[in-house]
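Peer 1: Next up is a structure, given as structure tokens.
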Amino acid sequence: MSEVINSSRAKEIIQDNLDYTLFSWSIQKGIDPIAVKYGKGLYLYDHDDKKYIDFSSGLMNVNIGHGDQRITDAVVKQMQQVSYITPSCVTEVRGALGKKLAEICPGDLNKAFFTLCGASSIENAIKVARLHTGRHKILTRYQSYHGSSYGAMSAGGDPRKLIVDSQQAPNFVHFDIPDGYRWEYGEENLLKESVNQLKRVIAFEGSGSIAAILLEGESGSSGCLKYPKGYLKEIRNICDEYGILLIADEVMSGFGRTGQWFGFQNHDIIPDMIVMAKGITCGYLPFGCLMLSDKISAKYDEAVLPLGLTYSAHPVSCAAALATLHIYEDDNLIENAAKMGRYLDQQIEILKSHHPSIGDWRNTGLLGCLELVKDRSTKEPMAPFNAKPEQMEVMNKVAARIKELGMYTFVRWNYIFIAPPLIVSKKEIDYGIAIISEALKIADESLK
Ligand code: PLP
């Protein structure tokens with residue numbers, strides 16, 4: 001395939017963006033963004049009418065696909081009524097959305113505090129956990145991501161925070177969960193050792209000082225790392241034993257992404273709080289939510305709830321969210337995610353047999369990740385954890401080839417994420433896998 005030559009208009013658009021705006025998590029020089037003109041369904045179209053299949057649903061948030069007119073209609077209708085009111089006033093849509101979320105969430109998770117994004121939901125979850133328990137420490141996993149604001153970044157175990165390490169918020173303690181793919185001591189010992197590691201951390205830190213354990217419902221950008229079977233149930237029991245709250249971060253794994261409303265439902269547990277964003281509005285507008293159990297929210301019947309945001313329960317975002325939730329149900333998207341996830345797993349098995357550079361495939365529903373290795377027997381990664389730019393040579397070439405062939409997807413270190421919108425069909429999965437297969441030839445070639 002020949003290199004795409006951007007038209008002069010596309011070049012101008014890209015240049016303005018490069019000259020006057022900053023790009024997240026990137027060396028600013030040498031960025032080569034897609035200038036998107038519009039999106040429809042699974043596809044993004046640039047200013048030169050080149051089509052890209054979006055195989056990571058943006059940042060794993062555009063679950064219903066791009067350009068759904070139903071959201072636009074709901075947003076316009078709300079704006080015609082009122083675009084903004086203070087969070088102390090109410091709208092019809094705010095109450096309806098709260099009611100709908102309470103219906104979707106299991107157990108007594110019935111009260112919603114509406115925020116702006118994932119990180120602002122995490123910040124509020126941390127505050128509530130400390131207020132509820134009177135304790136200060138929050139335990140979270142290395143190899144996790146919870147957002148980039150101060151508390152959320154400190155809570156996360158993602159190495160992007162290391163550059164500002166000395167400035168982090170206090171009272172976050174991290175623990176490790178062994179990686180099943182590289183575990184060498186027998187499947188039967190994986191759960192036991194994982195749980196024992198955490199129990200030791202709790203003992204060393206003092207259970208009486210721990211407010212909450214915060215975990216992704218299913219691991220996302222850290223590589224879709226799987227919890228050992230039964231792990232989250234054990235965590236639930238530990239939390240109950242020590243009076244620690246369990247917070248499920250469902251920012252990426254929520255809203256059908258894993259073939260259930262929430263990732264934790266694959267593990268048969270109910271947390272005390274759910275952190276939501278991304279799929280709640282599918283990125284049509286920024287929005288987030290912290291869902292509290294009745295056990296936690298009851299206190300605020302009599303006490304001041306010390307949380308607040310100018311844009312909490314923003315009417316237009318609430319309208320986008322409510323319309324989005326209806327689309328999941330009306331279009332059976334959660335069922336489709338589970339079904340297409342099974343099909344994807346089958347197709348990846350075939351792909352693996354053609355590409356020796358694929359070491360592992362980890363997926364739940366449509367939240368999946370290919371891990372590339374230099375050698376299947378040693379499992380040496382194609383690029384290491386927190387790879388330096390010079391260690392990314394092969395992966396950068398693979399990513400560039402994917403883009404050249406007309407796909408947008410999230411590539412990080414030695415991971416290629418596969419998380420298409422939940423509207424995906426078998427035909428589109430085949431189409432996307434064919435592109436990835438072609439790009440993987442570069443990785444296979446590097447093994448020789
Ligand atoms: N939590 C998880 C699991 C995420 O994946 C993300 C973002 O990718 C966040 C929190 C932060 O969300 P936001 O970028 O909306 O602040």
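Peer 1: Could you work out the relative contact order of the chain, using alpha carbon pairs under 8 angstrom and six or more residues apart, expressed as a whole percent?
Peer 2: 21 percent
Peer 1: Rolling a 1.4 angstrom probe over the protein chains, ignoring ligands and nucleic acids, what is the accessible area of Ser194 in square angstrom, nearest 10?
Peer 2: Approximately 0 Å² for this residue.
Peer 1: Out of all DSSP beta bridges with both ends in region 69-330, state the antiparallel percent to the nearest 5.
Peer 2: 40 percent
Peer 1: Remind me, relative contact order of region 14-67 in percent, using alpha carbon pairs under 8 angstrom and six or more residues apart?
Peer 2: Contact order relative to length: 26 percent.
Peer 1: Which is the longest stretch in the chain that no exposed loop site breaks, taking sites as GluC sites (Glu not before Pro) with a DSSP loop state and at most 13 other Cβ atoms within 10 Å?
Peer 2: 4-183
Peer 1: Which net charge results for the neighbourhood of Ile64, defined as the other residues with beta-carbon distances under 13 angstrom from its beta-carbon, given Lys and Arg at +1 and Asp and Glu at -1?
Peer 2: Net charge around Ile64: -1.
Peer 1: Report the label-to-label distance for Tyr181 and Ser353 in nanometres (one decimal), using points 7 Å from each Cα along the Cα→Cβ vector.
Peer 2: 2.1 nm
Peer 1: Another one. Top to bottom by accessible area (1.4 Å), largest first, where do Val398, Val82 land?
Peer 2: From most exposed to least exposed: Val82, Val398.
Peer 1: Less than 20 Å from a label point 7 Å out along the Cα-to-Cβ axis of Gln69: which backbone N atoms in region 38-58 qualify, by residue?
Peer 2: Output list for this probe position: 38-45.
Peer 1: Just to verify a number: FRET efficiency for Val76 and Val201, C-beta to C-beta distance, R0 = 45 Å, to 0.05?
Peer 2: My answer for the efficiency is 0.35.
Peer 1: Send over a whole-number figure in Å² for the accessible area per residue of region 69-330, probe 1.4 Å.
Peer 2: Each residue of region 69-330 exposes 41 Å² on average to a 1.4 Å probe.
Peer 1: If DNA, RNA and ligands are ignored and the probe is 1.4 Å, what is the ranking of Trp25, Trp183, Trp413 by accessible area, most exposed first?
Peer 2: Result, largest first: Trp25, Trp183, Trp413.
Peer 1: With a 1.4 Å probe and all protein chains kept in place, how do Ser353, Ser253 rank by accessible area, largest first?
Peer 2: Ser353, Ser253
Peer 1: Run the Debye formula on the Cα coordinates of region 69-330, all scatterers equal and no solvent, and tell me log10 I(q)/I(0) at q = 0.18 1/Å.
Peer 2: -1.48
Peer 1: Give me the aspartates and glutamates in straight-line cross-link reach of Lys379: C-alpha distance below 13 Å, same-chain residues under 8 apart excluded.
Peer 2: Within the straight-line limit of under 13 Å, Lys379 reaches these aspartates and glutamates: Asp179, Glu184, Asp360, Glu371.
Peer 1: So for the chain, what are the equivalent ellipsoid semi-axes in whole Å, largest first, each being the square root of 5 times an eigenvalue of the Cα gyration tensor?
Peer 2: That gives 34, 29, 20 Å for the three semi-axes.
Peer 1: Taking a spot 7 Å from the Cα of Ser149 along the direction of its beta carbon, which residues of region 303-333 have an amide N less than 16 Å from it?
Peer 2: Residues 306-314 fall inside that zone.
Peer 1: Work out, step by step, the length gained on full extension between Lys192 and Lys99: first 0.36 nm times the residue separation, then minus their alpha carbon distance; give nm to one decimal.
Peer 2: 29.5 nm
Peer 1: Related question: Enumerate cysteines in the chain without a disulfide-compatible partner, where compatibility requires another Cys Cβ under 4.7 angstrom.
Peer 2: Among the cysteines of the chain, those whose Cβ sits 4.7 Å or more from every other are Cys89, Cys105, Cys117, Cys239, Cys282, Cys289, Cys318.
Peer 1: Hey, another quick one. Using a 7 Å offset from Cα along Cα-Cβ at Ser83, what residues in region 267-289 end up with backbone N under 19 Å from the label point?
Peer 2: In region 267-289, the label zone of Ser83 (backbone N under 19 Å from the point 7 Å along Cα→Cβ) covers 284-287.
Peer 1: For region 69-330, which whole-number percentage of the solvent-accessible area (1.4 Å probe, protein heavy atoms only) is attributable to carbon and sulfur atoms?
Peer 2: In region 69-330, the share of accessible area belonging to carbon and sulfur is 53 percent.
Peer 1: To continue, here is another question. Using the Karplus equation 6.51 cos²θ - 1.76 cosθ + 1.60 (θ = phi - 60°), what ³J(HN,Hα) coupling, rounded to whole Hz, does each residue of region 367-383 give in order, writing x for Gly and Pro?
Peer 2: Calculated HN-Hα couplings, in order: 10, x, 8, 8, 10, 8, 10, 7, 7, 5, 6, 8, 6, 5, x, 4, 9 Hz.
Peer 1: Right, something else. Roughly to the nearest percent, how much of the accessible area of region 4-63 is carbon and sulfur, given a 1.4 Å probe?
Peer 2: 54 percent
Peer 1: Would you list, by chain and number, the lysines whose Cα falls below 20 Å from the Cα of Lys229, excluding same-chain residues fewer than 8 positions away?
Peer 2: Of all the lysines, those that pass the test against Lys229 - Cα under 20 Å, at least 8 places apart if same chain - are Lys192, Lys199.
Peer 1: Moving on. Anything over 22 Å Cα to Cα? Flag those among Lys50/Lys448; Lys50/Lys427; Lys51/Lys226; Lys137/Lys278; Lys50/Lys278, in the order listed.
Peer 2: Going by Cα-Cα distance, Lys50/Lys448; Lys51/Lys226; Lys137/Lys278; Lys50/Lys278 fall outside the 22 Å limit.
Peer 1: Just for the chain, what percent of DSSP beta bridges are antiparallel, to the closest 5?
Peer 2: If we restrict to bridges inside the chain, about 65 percent are antiparallel.
Peer 1: How high is the FRET efficiency from Val173 to Leu309, r the C-beta distance, R0 22 Å, rounded to 0.05?
Peer 2: 0.20
The values are calculated or read from the model by the stated rules, or taken from the named source; none is laboratory data. Bear in mind the structure is a predicted one, so any value in this text is a computation, not a measurement. As a convention, Cβ positions derive from the backbone with ideal geometry for all residues, glycine included, and neighbour counts pool all protein chains shown. The area values use the complete protein model at the heavy-atom level, side chains included, leaving out ligands, DNA and RNA. Shrake-Rupley method; radii C 1.70, N 1.55, O 1.52, S 1.80 Å.
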